[in-house]
1. Using DSSP to define loop residues, name the chymotrypsin sites (Phe, Trp or Tyr not before Pro) in segment 406-456 whose beta-carbon has at most 16 other beta-carbon atoms within 10 Å.
2. List the trypsin sites (Lys or Arg not before Pro) in segment 51-153 that DSSP assigns to loop (not H, G, I, E or B) and whose Cβ has at most 14 other Cβ atoms within 10 Å. Which are they?
3. Considering amide H positions built from the backbone, and no H for Pro or chain starts, which residues 5 or more places from residue 173, or on another chain, come under 5 Å of its amide H?
4. Which whole-Hz couplings ³J(HN,Hα) result when phi for each residue of segment 288-295 is put into the Karplus expression 6.51 cos²θ - 1.76 cosθ + 1.60, θ = phi - 60°, listed in order with x for Gly and Pro?
5. How would the chain be classified by its alpha-carbon gyration tensor: rounded, prolate or oblate, with rounded meaning a/c under 1.5 and the a/b versus b/c comparison settling the rest?
6. Using the count of nearby Cβ atoms within 10 Å as a rough guide to exposure, how do 35, 413, 332 rank from fewest to most?
7. Using just the helices of the chain, give the 222 nm mean residue ellipticity in deg cm²/dmol: DSSP H runs with n ≥ 4 each add -39,500 (n - 2.57), and the total is spread over all residues, rounded to 500.
Amino acid sequence: MNKKTLSFWQILTMNFGFFGVQFSFGLQQSNMSAIYKYLGAKEAELPLLWLAGPVTGLVVQPIVGAISDGTWSPRFGRRKPFFLIGAIIASLALIVMPYSSSIWMAASLLWILDAANNIALEPYRAFISDKLPKKQYSLGFLMQSFFTGFGTTLANFTPAILVSFGILALTDKMENGIPVSTYWAFGVGAVASIVTILISVLTTKEYPPTDVELKKIKQDKAKGDLINRTLLEIFVSLKEMPKTMRQLIPVMFFPWYAMFCYWQYITSALSLSLYDTLDQSTPFFNQAQLLTGNLNGTYNVICFLTAFAMIPIARYLGAKRLHFVSLLFGGIALLIMPYLSDKALLFSLPNPFGAGEIMISQIYLFSFGLGITWASMMAMPYQMLAASIPSQKTGVYMGIFNMFIVVPMIIQIFSVQYFMYDLLGNNPINIIRLAGVFFIIGGVFSLFVTEKENEE
């Protein structure tokens, strides 16, 4: 199929719903550990309470990918129905989450929320291969990287914005102990989830399947037994996995293990390093939670600012070399972060707009390296993968590829829960250091990936 080269704005609108999905994920990253602690969770229990994300991703994405490959409606399309279903369920879960009265309720809602987000997320990856010629893959995936950074940035900053502008007070809390600012942030996320995906759905027309694909879809439907057919498709695809995809397994494993360590323990690590406490009842822990949002927002700002700059760099260096350099930046940043023991100023810059100087707090430095890493993680592995998989199986292979993300998360949860946390001295700061080392290891593995040239 000869696919039309799309304009920058067409690629932007088709991916706009990715913003809403990532806004939701950003709220989870910055707030779920704190929500669990407000509801009475202990430090060592946090990894297990985060199990929803990786398990739902492991199960939902390959299944949704396989089903969407075999779906076509002249009216609703192939991928768009899944966008809408996921967005509606996610919005409802986001609205209810801050009202959680117990740990089990919050954990259950997180399972629902993550399942919904994964239903919407996986088809977006396949959407790039469906709509764009291969020469535009980099732009398509980096556009998703941009929206990952932008959406997560706003999600992370929203509670702090509400507090800093005086709309809400830092000490305002609901009956369950969860800050009111968290409630309002999740409400904003619910609106963003449904509205942005609607924009993608209403402005983007999908290509119909080829005659060969349409014939296969009709034959499969005639056979019935959707579940068995889907599971068989996943099994066969795993068995026939392209060489490049196999090489990407360690490239995905170590960085995603590292990111899960960061999301789970950054608030506790900052609370301990800056305020010498892990007591969630103190105002210092509240400050660490808001600082986590600000820092996460900062690294996501760097993510969306650097996403498009990576396009020419990727063409020059190649995706795998760029990915190595990017992961190296993140690894060094997380290894440095624990040594930033206070929020004192590290340096100042001249102010080009007037008198005085621009003061830079040292604690924000590691966000820059992490932002570059995050931009690359959201784009470069997918670019390397997309050129190596058959177009008629894009959905199922993108779903399977997500297993390379969620399996390390599951391993991280149980390893940290049952021995790693103790091994590292029951210290969340050491978990952050481990994450830095794993970023670097993942970067080294990326150098050994066999890249295929994008043609078309």
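1. Details: sites: 414, 418, 419, 421, 438, 439, 445, 448; in loops: 448.
Sites meeting the loop and neighbour criteria: 448.
2. Here the trypsin sites (Lys or Arg not before Pro) that fit, given the DSSP loop and packing criteria, are 75.
3. Sorted by chain and number, the residues that satisfy this are 180.
4. Computed from phi, the couplings for segment 288-295 are 5, 5, 5, 5, 4, x, 5, 5 Hz.
5. Details: a/c = 1.64, a/b = 1.46, b/c = 1.12.
Prolate.
6. 332, 413, 35
7. Numbers: 18 runs with 321 residues, N = 456.
Rounded to the nearest 500, the figure is -24000 deg cm²/dmol.
Read the figures in this text as sums done on the coordinates, not as results from a lab. What you are looking at is a predicted structure, and each value in this text was computed from that prediction instead of being measured. When we count neighbours, we look across all protein chains shown, and the Cβ atoms used for this are built from the backbone with ideal geometry, even at glycine.
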